[in-house]
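For reference, the structure is listed below as structure tokens.
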Amino acid sequence: MACRICSGRLHRFADFGRQPISDAFVLPGDTGEEFSFDLAVGVCEDCTMVQLLNEVPRERMFHDGYPYLSSGSAVMREHFRSLADRLLATELAGPDPFVVELGCNDGTMLATIAAAGVRHLGVDPSGGVADLAAARGVRVRKDFFEAAVAADILAFEGPADVVYAANTLCHIPYLDSIMKGVATLLRPGGVFVFEDPYLGDILERASFDQIYDEHFYLFSATSVRETARRHGFELVDVERLPVHGGEVRYTLAARGARTPSPAVAELLAAEEAAALADPRTLRAFADRVAGIRDDLVDLLTGLRARGATVHGYGATAKSATVLNYCGIGPDLVPHICDSTPAKQGRLAPGSRIPVRGPEAFASPYPDYALLFAWNHAEEIMAKETAFRDAGGTWILYVPDVHLVRG
Ligand SMILES: [Zn+2]
């Protein structure tokens with residue numbers, strides 16, 4: 001298998017077995033076989049890009065029924081509002097600026113841009129979430145962004161000052177076409193800003209559930225710099241972000257257009273020192289993850305034997321990797337509570353654990369809650385104080401299996 005960025009040789013370092021589409025929640029009566037694929041990860045020996053070895057057709061993941069909403073968390077709403085404010089003040093302050101967002105989801109970021117009266121366009125192939133964005137006054141094009149679409153946008157709207165993408169770029173195996181498209185669409189001096197889960201955080205926290213069908217690439221500053229270079233871009237800024245379990249926001253500009261910030265050299269040096277792309281580092285991560293799997297299954301099996309009740313909390317896309325890799329089914333976790341209406345009344349993909357609404361969590365509270373949405377742990381624990389008061393205990397599995405009393 002060859003690297004999707006540079007055609008270099010891929011070194012396989014982790015294998016999570018057969019996995020379903022992480023967001024394909026199943027109707028209870030549906031006994032048909034689910035689509036599945038081998039979730040294995042490799043690192044390119046040349047450009048250091050960490051990537052999945054198998055690609056899922058994009059239409060299977062991003063369609064009218066795509067259930068994830070950016071606006072679902074108050075922390076994320078604030079995160080995107082503050083980013084939009086910063087773009088408005090720094091990059092979009094000239095006459096008639098134009099910003100394009102790839103994978104705009106329900107318009108959480110662009111709503112602030114739209115409210116400021118700034119010209120914008122969201123591009124998202126998932127019709128349901130795109131409709132929500134349009135309902136908030138955001139201009140949306142329902143499409144997969146790629147080179148041809150970029151040329152079309154340029155012809156009708158003119159060049160963009162900023163192209164932005166959050167938790168989108170790492171979803172897209174055909175990054176080549178995206179980079180070409182962005183290079184076409186940006187005005188000279190414009191910037192491409194994107195943020196995605198960071199390989200450094202995933203390795204440090206052993207957050208293996210960041211690896212699933214939609215996360216095709218696990219970026220580092222080193223691999224992003226090399227990808228950018230191949231398309232005439234330069235990595236001019238990086239910013240560590242605490243959201244979604246640790247991300248980096250990368251800023252690319254045309255080569256020579258901007259002076260790179262010192263943060264770029266600092267992060268590149270830190271990655272070198274941590275040997276992020278070294279197969280030995282990556283195999284050590286895989287060994288650690290196998291230990292987490294064994295510990296989690298032991299804990300849940302022991303709790304079941306004692307007659308303790310355990311519910312899942314947050315039927316996240318990430319939970320698909322945990323449940324299916326660990327072989328956890330309704331016998332160990334009878335149901336998962338989730339606030340997303342599109343998931344409720346359905347079964348989690350692969351594991352077939354029923355998903356219920358948030359009200360089911362409190363009636364009555366379980367003894368233990370397995371927190372799949374650990375990236376929102378602080379926000380959730382602050383909201384669920386009654387669970388703590390009822391004597392409930394959270395189970396977390398990142399960076400290791402541990403218990404948190406409320
Ligand atoms: Zn490569």
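We did not get these values from a lab; they are worked out from the coordinates using the rules stated. This one's a predicted model, so the numbers in the text were calculated from it and none came from an experiment. Don't worry about glycine lacking a Cβ; one is built from the backbone with ideal geometry, like all the others, and counts go over all protein chains shown.
Using Cα pairs closer than 8 Å and at least 6 residues apart in sequence, work out the relative contact order for the chain, in percent.
After rounding, I find 15 percent.
Give the aspartates and glutamates whose C-alpha is closer than 15 Å to that of LYS343, dropping any in the same chain fewer than 8 places away, or say none.
ASP23, ASP30, ASP64, GLU359
About its Cα centre, how strong a charge dipole does the stretch 211-367 have in debye, to the nearest 20, once Lys and Arg get +1 and Asp and Glu get -1 at the Cβ?
Numbers: 18 positive and 19 negative charges, 65 e Å.
My answer is approximately 320 debye.
Using the per-residue mean of other Cβ atoms lying within 10 Å as a proxy for protection, in what order, highest first, do the peptides 347-357, 12-22 fall?
Output ranking for 347-357, 12-22: 347-357, 12-22.
Quick one: check the C-alpha center-to-center distance for the stretch 1-42 versus the stretch 194-235, whole angstrom.
Taking the Cα centre of the stretch 194-235 as reference, the centre of the stretch 1-42 is 18 Å away.
Gain in length, ASP389 to ARG306, computed as 0.36 nm per residue apart minus the alpha-carbon separation, to one decimal in nm?
Contour length minus Cα-Cα distance gives 27.7 nm.
Would you calculate the separation in nanometres between label points at SER261 and SER339, each defined as 7 Å from the Cα along the Cα-to-beta-carbon direction?
Here the answer is 3.0 nm between the modelled labels.
Tell me whether the stretch 238-330 comes out rounded, prolate or oblate; compute the Cα gyration tensor, take square roots of the eigenvalues as a ≥ b ≥ c, and use a/c under 1.5 as the rounded threshold. Don't skip to the answer; put the middle values down first.
Numbers: a/c = 3.82, a/b = 2.29, b/c = 1.67.
Taking the square roots of the gyration eigenvalues as a ≥ b ≥ c, the stretch 238-330 is prolate.
Given 0.36 nm per residue, what is the gain on full extension from GLU59 to ALA269 after removing their alpha carbon distance, in nm?
So the extension gain works out to 71.8 nm.
Near PRO97, within a Cβ-to-Cβ distance under 15 Å, what is the net charge of the other residues, with Lys and Arg +1 and Asp and Glu -1?
With Lys, Arg at +1 and Asp, Glu at -1, the neighbours total -2.
With each label point set 7 Å from Cα along the Cα-Cβ vector, what nm distance links ARG240 and VAL297?
Going from the ARG240 label point to the VAL297 one covers 3.4 nm.
What does the charge count around PHE194 come to, taking other residues whose C-beta lies under 11 Å from its C-beta (Lys +1, Arg +1, Asp -1, Glu -1)? Let's see the in-between values first.
Details: positive: ARG249; negative: GLU101, GLU195, ASP196, GLU247.
Overall, the nearby charge balance is -3.
Build a GNM of the chain with springs between Cα atoms under 10 Å: which of SER363, SER36, SER82 gets the top mean-square fluctuation?
Of SER363, SER36, SER82, the Gaussian network model singles out SER363 as fluctuating most.
In the stretch 137-205, if every C-alpha pair distance is counted and binned at 5 Å from zero, what percent goes to each bin?
All Cα pairs, binned at 5 Å, distribute as 4, 15, 22, 26, 16, 7, 5, 3, 1 percent.
Show that you can apply the helix-only estimate: for the chain, add -39,500 (n - 2.57) for every DSSP H stretch of four or more residues, divide by all residues, and state [θ] at 222 nm to the nearest 500. Walk me through the intermediate numbers first.
Working: 13 runs with 136 residues, N = 406.
So the calculated ellipticity at 222 nm is -10000 deg cm²/dmol.
Give the list, by residue number, of cysteines in the chain with no other Cys Cβ closer than 4.7 Å, or say none.
If one checks each Cβ against the other cysteines of the chain, CYS104, CYS170, CYS326, CYS337 turn up with nothing under 4.7 Å.
Please give the net charge around PHE37, taking every other residue with its beta carbon less than 10 angstrom from that of PHE37, where Lys and Arg add +1 and Asp and Glu add -1. Walk me through the numbers on the way to the answer.
Details: positive: ARG18, ARG60; negative: ASP38, GLU55, ASP213.
Charge balance in the 10 Å sphere: -1.
Dipole of the chain, Cα-centred, from +1 at each Lys and Arg C-beta and -1 at each Asp and Glu C-beta, to the nearest 20 debye?
120 debye
Using 0.36 nm per residue of separation minus the Cα-Cα distance, give me the extension gain between ARG229 and LYS142 in nm, one decimal. Walk me through the intermediate numbers first.
Values: separation 87, 0.36 × 87 = 31.32 nm, distance 2.94 nm.
Going from the current span to full extension adds 28.4 nm.
Return the FRET efficiency for the residue pair ALA284, SER7: r is the Cβ-Cβ distance, R0 is 30 Å, and the value is rounded to the nearest 0.05. Spell out each step's value before the answer.
Working: r = 27 Å, r/R0 = 0.90.
For R0 = 30 Å, the calculated efficiency reads 0.65.
Taking the radius of gyration and the Kirkwood hydrodynamic radius from Cα positions alone, what is the Rg/Rh ratio for the chain, to two decimal places?
On the way: Rg = 21.2 Å, Rh = 21.9 Å.
The Rg/Rh ratio comes out at 0.96.
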